[in-house]
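Quick notes on the structure that follows.
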Amino acid sequence: MIEITVMRVSAHLRRENRRQEQSVLRFFSDMVIDYSKREVSVNGTEIALSRKEFDIVELLSVNAGQVFDRERIYDIVWGLEGSGSSDTVMEHIRKIRSKFSAVSLHSYIETVWGVGYKWNG
């Protein structure tokens, strides 16, 4: 009986490992986002993003078309660990845009004046 239980647990762990190894990819124009590996590439060039920059890109791209104000982005990305202000979001988005514009003409993060930001994939 113990042997069967061990075999079942081993099989379950193998299936779980296979699931975890699968990448979750999304394609936007000339950009590929691998959410599993936390990597962004444009035209085959990998874009080095900080942890928070990737978190912002992930939030906006997963919810493409939805507008997020700075306060909401800050609350979602920084959560309880945040000790700054929503101005931090503006600075991070400026850096992300700069990195994207170095390799692409496409503007992925759109400013909705007076409201916030949305993904323009």
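Values quoted throughout were computed directly from the atomic coordinates according to the rules given, and no laboratory measurement underlies them. Quick caveat: nothing in here was measured; it's all calculated off a predicted structure. Here the Cβ positions follow ideal geometry from the backbone for every residue, glycine too, while neighbour counts run over all protein chains shown.
Here are some notes:
- Across the alpha-carbon atoms of region 42-114, the computed radius of gyration and Dmax are 12.3, 36 angstrom.
- Label positions at Leu25 and Val103, each projected 7 Å from the Cα along the C-beta direction, are separated by 1.5 nm.
- Sequentially through region 38-50, phi angles give Karplus couplings (6.51, -1.76, 1.60; θ = phi - 60°) of 6, 10, 10, 9, 10, 6, x, 9, 6, 9, 7, 10, 5 Hz, Gly and Pro residues having no value and appearing as x.
- Averaged over residues, the count of other Cβ atoms within 10 Å places the peptides 23-34, 48-59 in the sequence 48-59, 23-34, highest first.
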